[in-house]
1. Where in the stretch 1-61 are the helices (runs of 4 or more DSSP H), entirely inside, with at least 2 residues that are of a type in the set (Gly, Ala, Ser)?
2. Do you know which of the residues in the stretch 145-182 that are over 14 Å from Tyr127 (Cα atoms) and β-branched (Val, Ile, Thr) is surrounded by the fewest Cβ atoms within 10 Å (Cβ to Cβ)?
3. State which residue is surrounded by the fewest Cβ atoms within 10 Å (Cβ to Cβ) when the search covers only the stretch 70-112 and only residues that are outside any helix (DSSP H, G or I) and of a type in the set (S, T, N, Q).
Amino acid sequence: MLRDEYINQLRIRLNENDIPGADGMVEFYEEMIADRMEDGMSEEEAVAAMEDIDHVVAQARLDRPLPALMLDKVKESHEKANKSSKGALWIALAIIGFPVWFPLTIAFLAIVFSLYVSLWAIVISVYAVELAFGISAVACFFGGFAFIFGHIPFATSLALWGCALVFAGLCILLWKPILAATAGMIGMIKWLFRKIKSIFV
């Protein structure tokens with residue numbers, strides 16, 4: 001396959017599937033082919049080394065919102081029914097089955113949404129703990145100066161400054177592990193939801 005043929009087929013498939021940013025993707029793959037040809041590959045070898053168009057489109061579809069993918073699946077099912085002359089039966093079953101499939105669809109979307117919110121809540125709570133350590137360190141440090149005005153004994157001020165050091169140390173020590181953990185969690189969230197979306201691709 002030649003470059004123009006590959007690029008034209010890719011553009012057609014992306015537009016057929018209503019992929020957002022299709023033009024940018026096409027330009028990206030054009031540049032990839034051009035880079036490989038500059039590295040010494042022939043045009044046919046450069047195109048052969050590219051990802052299969054079906055795979056590219058499938059991966060691009062995973063970036064679309066879940067409701068849009070579900071709607072695409074319904075449209076595909078309806079088109080298949082029309083091609084096999086069962087369009088009227090498909091519509092009749094969709095209407096009759098509405099009391100069953102509609103609540104199930106809402107329940108599925110609610111579960112997915114609650115899972116999404118719960119996973120992001122874990123990420124936010126981890127940063128909230130880190131922020132709490134930082135605020136506590138600052139509060140204890142400045143609170144220790146209250147002995148100057150005679151509000152607390154000097155021994156209490158020393159204890160507060162000690163607590164400030166402990167909280168500051170925890171804040172500093174946990175910063176990199178928290179960044180690594182949250183990066184892993186965000187990666188897991190993306191992977192999990194791509195897996196869920198792949199059901200409809």
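1. By residue number, 22-38, 43-48, 53-61.
2. Applying the first criterion (over 14 Å from Tyr127 (Cα atoms)) to the stretch 145-182 yields 145-169.
Subset that is β-branched (Val, Ile, Thr): 148, 152, 156, 166.
Numbers: Ile148: 10, Ile152: 16, Thr156: 14, Val166: 14.
By that ranking, first place goes to Ile148.
3. Ser85
Every number here is computed from the coordinates shown, using simple stated rules; none is lab data. Quick caveat: nothing in here was measured; it's all calculated off a predicted structure. So basically every Cβ, Gly included, is an ideal-geometry build from the backbone, and we count neighbours across all protein chains shown.
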